[in-house]
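These notes concern the structure reproduced below.
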Amino acid sequence: MAIDQAPAPAQQASAQEIARTVTVLGLESSCDDSAAAIVRLHGDGSAQVLAERVIGQNEAHAPFGGVVPEIAARGHAERMDTLAAEVLAEAELSVSELDAVAATAGPGLIGGVMAALMTAKGLALGAGLPLIAVNHLEGHALSPRLTEPLAFPWLLLLVSGGHTQLLVVEGVGRMTRLGSTIDDAAGEAFDKSAKIMGLGFPGGPAVEAIAREAADPGRFPLPRMLAKDKSCDFSFAGLKTAVKRSWDALEAPTPEDRADLAAAAQAAIARHLCERAGRAMAIFSERFADLDRPLPLVVAGGVAANAAVRTGLEAACAEHGFRLIAPPMKYCTDNAAMIALAGAERLRLGLTDPLDAPARARWPLDEHSAANAPATGAGRKGPKA
C-alpha cells in the first residue's frame, strides 16, 4: 500500500550546498501535541530556533485515560494552519522567505500525521518551496543538535509513549538499530501504571510526582524484565501486569500504598532502560574505539524528562565512560523545532520529497533491521517502528 512506501531518493548535495544557511518551517502532529517552529541552520552547524509553538491536548484526552486518535486528529486539523501563521509572524518572516517546509510524515497516529503533512504540502505548493517529509523518530534523534553542534556518531536511547529503541546515529538517514521494544514502550508502561492506580493522564509525570512521597520504594517486588535475555531489546508488558496484580491485591489501597507502588514501577522501568543501555554502550565502545572524544549517549523522547531515568542513565554512563546528553525538557517531548531541524539537515543534503509523499503509521529508522529482524509483540501503542 502507498502508506508504507519509502520516499524517493534525492540527488547528492555539493559541499557548498551542505554549508549554506537555511531557514525551515517545521510542523508536528504525530500524537496529541500540535506544534510549529522555524529553525535557521547556519553553515557552521549551529541551529537557531526563531519561533516555536506547542499546543497540547491533555485536557481533551484525560477523561479517557489515554490518547483518543479521532479527538487528536480533529484538534490538529483545527490548529495547524493557525500555528504555522503564528510562528511566521513571531519570526517576522513570510512563507516566501523560507527555504523549505518540513512536516512529520510518520510514524504516528495516521489521522494526526496527515494534518501536519497536508498543511506543509499546501504551503510548499503555494509558495513553490521544497517539501521535506520527516521521520518523527529522526527528529528526536537529531534533537541534541538544536542546542549544540554535536558531531556524529552517537548512541541514542529513544524512549517515549510509543517508542523505545537503542540506535547508533552515524549521520542524517544513517541509523542502525541495536535494540527495540518487543511489546510496549516505556511511556506506555508509565501511562498504564498510572491508570491502574488512578493517577490520571499523562501517566509519566503523575507517577514521578507520587513516587517522591514513597516511604518504602522497595516494598513491591516487581519483576526484572527479560532477565535471561542478553540482547539490547526491551519489554514492558509484563511489568504492567505485575503492577495491576500488586494493586488488585490491596484490599483498600491507601495513599502510602499508591506512592510505594508508583516508586517501584518507576524504579523497574528505569532499571530496565539503564541495563539495556549499558549493553548498547559496550557495543558502541567496541565499534567506535578510535573516537578521540567522550563517547556520547543521547536520550530523547518524553520519558527522558523523568528524573529517575536520567539519574540512572548518568550512573550507567559514568560506569561505561560515556557522556549523557539530554536535550532541554521542551525538546525531549514532541515538538516542531526538531522536525524543522531534521528538515534543514536534509535540505542541505539535497534530500527533499515529492508533493505526493505519503503519511505513514509505521516508519522504521533502520529499514534493514526492520525487514530482517522485525520487532514483535502487541499493545495499542506497541512497537510502531
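Please treat every number below as a calculation from the coordinates, not as lab data. None of the values given here were measured: they were computed from a predicted structure. Positions of Cβ are backbone-derived with ideal geometry, glycine not excepted, and every protein chain shown enters the neighbour counts.
When Trp154, Trp363, Trp247 are ordered from fewest to most other Cβ atoms inside 10 Å of their Cβ, what list results? Mind dumping the intermediate values first?
Values: Trp154 22, Trp363 27, Trp247 18.
By the 10 Å Cβ count, ascending, the order reads Trp247, Trp154, Trp363.
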* Full-extension gain in nm, Lys230 to Arg245, via 0.36 nm per residue minus C-alpha separation -> 2.7 nm
* Candidates Asn306, Asn135, Asn335, ranked by Gaussian network fluctuation over the chain, Cα under 10 Å, top entry -> Asn306
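How large is the charge dipole for the chain, taken about the Cα centre, if only the Cβ atoms of Lys, Arg (+1) and Asp, Glu (-1) carry charge, to the nearest 20 debye? Provide the component values of the computation, followed by the final result.
Numbers: 35 positive and 45 negative charges, 157 e Å.
Dipole size: approximately 760 debye.
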* What size of dipole, in debye to the nearest 20, comes out for segment 96-226 about its Cα centre when the only charges are +1 on Lys and Arg C-beta atoms and -1 on Asp and Glu C-beta atoms? -> 220 debye
* Kindly rank 290-296, 157-163 from highest to lowest mean number of other beta carbons found within 10 Å of each residue. => 157-163, 290-296
* Potential extension, Leu125-Glu286 segment - 0.36 nm per residue separation minus Cα distance -> 53.3 nm
* DSSP-defined beta bridges in segment 154-326 - what % are antiparallel, rounded to 5 -> 55 percent
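What is the antiparallel percent of DSSP beta bridges lying wholly in the chain, to the nearest 5? Please report the intermediate quantities before stating the final value.
Details: 28 of 46 bridges.
Percent antiparallel among DSSP bridges in the chain is about 60.
Lysine pairs in the chain with alpha-carbon atoms under 17 Å apart, 8 or more places apart or on different chains: how many are there?
Lysine pairs, 8 or more places apart or on different chains, close enough: 7.
Arrange Ser285, Ser235, Ser180, Ser30 by Cβ neighbour counts within 10 Å, fewest through most, would you? Can you show the working numbers first?
Numbers: Ser285 15, Ser235 18, Ser180 27, Ser30 32.
Arranged by neighbour count, lowest to highest, Ser285, Ser235, Ser180, Ser30 become Ser285, Ser235, Ser180, Ser30.
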